[in-house]
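The values are calculated or read from the model by the stated rules, or taken from the named source; none is laboratory data. For clarity, every value in this text was computed on a predicted model and none was experimentally measured. Every residue, glycine as well, gets a Cβ built from its backbone with ideal geometry; the counts of neighbours run over all protein chains shown.
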Amino acid sequence: MVKQVIDGKAYNTETARCLATVDLMGYRMDGRGRFTTNTPKKVGTSSLYETGGGAYFLVRDYPDDHAIHEVAGQLQVRGAGVIPVTRKQALAWAEDRGLDADKIEEMFGKVAETSDQTGAILLRVPQTLKLAIEKSAAVAGVSTNTWLMRCVERAIASEREERQRKA
């Protein structure tokens, strides 16, 4: 278990959902900080987590005698421990690690097609409904945004099927 507070927010691997874990490749260094090999090898792991509130963070685990440099989108990461990342950086991390499209969509919800553009909608709901949505998303192990997008996609698909049956 890893639990760390950064900028007044707790990041806890026991309460967050692990989306993916990949091997970290690196070089062993000697006591003077010189690389001892020319070929990278597995030296640890990097795991991407999503909190119940939809925040993302990386947990990097490896011994101190390795030099590791990892990139998540434009974010360059050095060091072990918890590293908070944005959704965009988390998605870039998954893409950079070569995760397949189905796994990425499982992690982040439906990804826009190349010709699709994303947009935002402000939806005002009663506080009780908001809490119920957040709870359902947490139970499903996805962000609130992903849970709502899936609900809307199902509703639209159902509506189309109903229209086709009537036609």
Exercise. Considering only residues of the stretch 75-88 that are within 15 Å of the chain's Cα centre (by Cα) and farther than 21 Å from residue 147 by Cβ, which is modelled with the lowest pLDDT?
Worked result: 75
Seminar exercise, completed: Going through (1) farther than 17 Å from residue 54 by Cα; (2) assigned to a helix (DSSP H, G or I) one by one, residue 119 fails only at (2)
Seminar exercise, completed: Within the stretch 31-69, of all residues that are among the acidic types (Asp, Glu) and more than 30 Å from residue 135 (Cβ to Cβ), the one modelled with the lowest pLDDT is 65
Exercise. Mind checking which pairs have a first residue in the stretch 134-145 that is of a type in the set (A, V, I, L, M, F, W, C) and a second that is crowded, with 16+ Cβ neighbours inside 10 Å and assigned to a helix (DSSP H, G or I), Cβ under 6 Å, 6 or more apart or different chains?
Worked result: 137/144; 137/147; 140/147
For this session: Give the stretch 118-165 a look and list any residue that's hydroxyl-bearing (Ser, Thr, Tyr) and farther than 20 Å from residue 86 by Cβ, or say none.
Result: 128, 136, 158
For this session: Could you tell me whether residue 72 is of a type outside the set (Phe, Trp, Tyr), modelled with pLDDT under 70 and buried (at least 19 other Cβ atoms within 10 Å of the Cβ)?
Result: yes
Exercise. Can you pull out the residues in the stretch 134-149 that are surrounded by fewer than 16 Cβ atoms within 10 Å (Cβ to Cβ) and either in contact with a Leu (Cβ under 6 Å, 6 or more places away or on another chain) or part of a helix (DSSP H, G or I) (or both)?
Worked result: 135, 136, 139, 140, 145, 149
Exercise. Considering 131, 122, which residue is aliphatic (A, V, I, L, M), surrounded by fewer than 14 Cβ atoms within 10 Å (Cβ to Cβ), out of contact with any Ser or Thr (no Cβ under 9 Å at 6 or more places or on another chain) and closer than 28 Å to residue 4 by Cα?
Worked result: 131
Exercise. Out of the stretch 1-30, which residues are of a type in the set (Gly, Ala, Ser) and at pLDDT below 70?
Worked result: 26
